[in-house]
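Derivation of every value follows stated rules applied to the coordinates shown; laboratory data play no part. Worth saying up front: this structure is predicted, and the values here are computed from it rather than measured. Positions of Cβ are generated from backbone atoms using ideal geometry, with glycine treated the same way; all protein chains shown enter the neighbour counts.
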Amino acid sequence: MPEVLVLAPDLNALAEGRRLPHVYSSKPVRLCLHYPKHDEWSPAYSIADTIVPWAYLWLAYFEDWLLTDEWKGGGKHPGEEDES
């Protein structure tokens, strides 16, 4: 399972004390890009066609979150109950 870490810029500093949205960890920042229980990714999939575009979208939603304080990227957040 690929892990995507953001080493720079410092997203925690950009968040100015707010808890980072939709991450598995904040030190280091490890992005939550898919829900493993829903089999959205497998080693048979191309990282270039899945993980890279998902990371790009996550960063775009993060930029919006910095301005609005609302996560619009959807998805399940780590720790949420699976309702299905």
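Some notes on this structure:
- Subset tally (residues that are farther than 18 Å from Gly74 by Cβ, touching a Lys or Arg at 6+ places or on another chain (Cβ under 9 Å) and not in a loop (DSSP other than H, G, I, E, B)) for the range 1-34: 4
- Scope the range 35-74; condition surrounded by 10 or more Cβ atoms within 10 Å (Cβ to Cβ), part of a loop (DSSP other than H, G, I, E, B) and not charged (D, E, K, R); matching residues: Tyr35, Trp41, Tyr45, Ile47, Thr50, Trp71, Gly73
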